[in-house]
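Report on the following structure.
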Amino acid sequence: MTIHVDHVALEQVSDTLSRTASDVDALATQIPAEPDAGVGSGPLLVIVSRLLANAGLLVEGLSAAGIAVHEANSAYRDTDLETADRVALEQWTR
């Protein structure tokens, strides 16, 4: 069985997750402090606050996933290099 890890693809996934987290987080600055919706302002404020809370969780999740993919990619790369060195050394000493 052969396992191939595409390090470039994993780094792109990591970058995309991290960039998306930053983009979603930046949207929070564009939300008005208090919507002017007349008698519906209170309920609308509750809805907006829940959306912002969930967006915050999304940012945390995307950031954590980006870091995890980056760390896994680094671990795979390091293990691949160590294994390649060991195999090459074994080939030379035979």
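The values are calculated or read from the model by the stated rules, or taken from the named source; none is laboratory data. The model shown is predicted, which means the values in this text are computed figures rather than measured ones. We place every Cβ from the backbone using ideal geometry, glycine too, and count neighbours over all the protein chains shown. These accessible areas exclude ligands, DNA and RNA; they are computed on the full protein's heavy atoms, side chains included. Shrake-Rupley method; radii C 1.70, N 1.55, O 1.52, S 1.80 Å.
Hey, can you tell me all the residues within the stretch 8-26 that are open to solvent by 50 Å² or more (accessible area, probe 1.4 Å) and either β-branched (V, I, T) or in a loop (DSSP other than H, G, I, E, B) (or both)? The answer is V8, V13, T16, T20.
R86: within 30 Å of I3 (Cβ to Cβ), surrounded by 12 or more Cβ atoms within 10 Å (Cβ to Cβ) and among the charged types (D, E, K, R), yes or no? Steps first, please.
Working: within 30 Å of I3 (Cβ to Cβ): yes; surrounded by 12 or more Cβ atoms within 10 Å (Cβ to Cβ): no; among the charged types (D, E, K, R): yes.
Spelling it out, it is not the case that R86 is within 30 Å of I3 (Cβ to Cβ), surrounded by 12 or more Cβ atoms within 10 Å (Cβ to Cβ) and among the charged types (D, E, K, R).
If you take the residues of the stretch 27-48 that are open to solvent by less than 60 Å² (accessible area, probe 1.4 Å) and under 27 Å from the mean Cα position of the chain (by Cα), which of them is modelled with the lowest pLDDT?
To start, the set of residues in the stretch 27-48 that are open to solvent by less than 60 Å² (accessible area, probe 1.4 Å) comprises 28, 35, 37-38, 40-42, 48.
Next, only the ones that are under 27 Å from the mean Cα position of the chain (by Cα) stay: 28, 48.
Values: A28: 83, V48: 87.
Taking the candidates together, the pick is A28.
Residue pairs whose Cβ atoms lie under 7 Å apart, separated by 6 or more positions or on different chains, with the first residue in the stretch 4-25 and free of Cβ contacts under 8 Å to residues at least 60 places away in the same chain and of a type in the set (D, E) and the second assigned to a helix (DSSP H, G or I) and buried (at least 16 other Cβ atoms within 10 Å of the Cβ), are D25/V59.
Sort out which residues of the stretch 36-52 are within 28 Å of L62 (Cα to Cα) and not hydroxyl-bearing (S, T, Y), and write them in order of number.
Going through the stretch 36-52, the residues within 28 Å of L62 (Cα to Cα) turn out to be 44-52.
Within the stretch 36-52, L44, L45, V46, I47, V48, R50, L51, L52 meet the criteria.
If we scan the stretch 27-45, do we find a residue that is closer than 30 Å to V8 by Cα and part of a helix (DSSP H, G or I)? Within the stretch 27-45, one or more residues are closer than 30 Å to V8 by Cα and part of a helix (DSSP H, G or I).
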